[in-house]
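Quick notes on the structure that follows.
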Amino acid sequence: MPQRKSWVYYNDRLSRYLFISSAVLVSLIILCIIWFVGMQGLSTFREVSIIEFFTSSKWSPDSGKFGALTFIAGSIGTTLIAILLGGPLGLAGAVFLAEIAPPWVRAFMRPATDLFAGIPSVVYGYVGITVIVGLTGKLTNSPTGYGMLAAGIVLAIMILPTVISLSEDALRSLPRTYKEASLALGATRWQTIRRVLVPAASPGILTAIILAMARAIGETMAVQMVIGNSPRFPDSLGSPTSTLTSNIVMEMGNTPFGSTWNNGLFMMAFILLIIALIMIILVRTASRKGAAR
């Protein structure tokens, strides 16, 4: 007589199907979002040439001008400033917490660092308006202080928790034999950190930098508050300009759905989606290289 299957068997199968269904549902939702945004965005090129959209800096929907180069340059510029400022500072903080700070300092600083990631972006934007904009105005001799430099500094502060946390995890996950062998060969602590530990943790540090870039290029509210929101090509660090995200949030509510103007904004959103997918691929590549070591 065949043995009856226990409830544990059916529970395991039910859990398996539930997880598979959830994964399929999430994948379908993501694909539908990409499909919808992509189709709406690509509809722009029915009336606007691809060359004009990506190479022209003239954005005047009332006049039929749809050049997005200004916003693409603004997004790339602010992200680069943020990484150039926040990347080394975050890596220095991670090295301090992982290798230099005493345990009581680490126990205090790590939760404080994680707390910064939970601060709403509007708070960073408000601090940027009240403090950073005035400083950048003096540095760049700008009458207002709004521009890429102010936005880049705000973003550099915002990405610090990401860089510090992930880089510290990468450093602390290294085998202790790396450090012990270096010190046994006569290297100083700084030589060990610079020539052994940081290179060995480079895949994890690279992952932190890439994720920080993804956070910076997709940030909206804080950037919108300090960049000036002017559709002008940035000719200096102190000149007001705009980014893909800030222009979308400024204009999306004022455009009729299906119009060329609206489709152009969807195309900007699609560009951001493509950038995010590229960042994910780079993170996975860096992770595989780290696992192969």
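General remarks:
- The residues neighbouring ALA181, those whose beta-carbon lies less than 14 Å from its own, together hold a net charge of +3 under the Lys/Arg +1, Asp/Glu -1 convention.
- Two tests apply to each whole DSSP H helix in the chain, Cα reach of 27 Å or more along its axis and mean Kyte-Doolittle hydropathy of at least 0.0, and the ones passing both are 7-42, 69-95, 148-172, 260-292.
- Between ILE51 and ARG13, the contour length at 0.36 nm per residue exceeds the alpha carbon distance by 8.4 nm.
- SER239 long-range amide H proximity, modeled H, under 5 Å: MET148
- Between amide H atoms placed 1.01 Å from N, distances below 5 Å from LYS65 occur with SER60, all of them 5 or more places distant or on a separate chain.
- Per-pair calculated FRET efficiency, R0 = 30 Å: ALA187 and VAL105 via Cβ, rounded to 0.05: 0.80
- Gain upon complete extension [LYS138, ILE119; 0.36 nm per residue less C-alpha separation]: 4.1 nm
- Spin-label model, ARG194 to LEU25: label points 7 Å out along the Cα-to-beta-carbon direction sit 5.4 nm apart.
- A simple rule links phi to the HN-Hα coupling: the Karplus curve 6.51 cos²θ - 1.76 cosθ + 1.60 with θ = phi - 60°, which for the range 227-242 gives 8, x, 6, 10, x, 10, 5, x, 9, 7, 5, x, 8, x, 8, 8 Hz, with x for Gly and Pro.
- Result for the chain in a Gaussian network model with C-alpha springs under 10 Å: among VAL198, VAL123, VAL24, the largest mean-square fluctuation is at VAL24.
- Per-peptide packing, taken as the mean over residues of other Cβ atoms within 10 Å, places 179-190, 199-210, 227-238 in the sequence 199-210, 227-238, 179-190 from highest down.
- What separates the Cα centres of the range 242-277 and the range 66-81 is a distance of 13 Å.
- Rh (Kirkwood; distinct C-alpha pairs) - the chain, Å: 21.9 Å
- Rg/Rh (Cα only; Kirkwood hydrodynamic radius) as it applies to the range 41-122: 1.30
Each value in this text was obtained by applying a stated rule to the coordinates, not by laboratory testing. Just so it is clear, the model here is predicted, and its values are computed rather than measured. Positions of Cβ are generated from backbone atoms using ideal geometry, with glycine treated the same way; all protein chains shown enter the neighbour counts.
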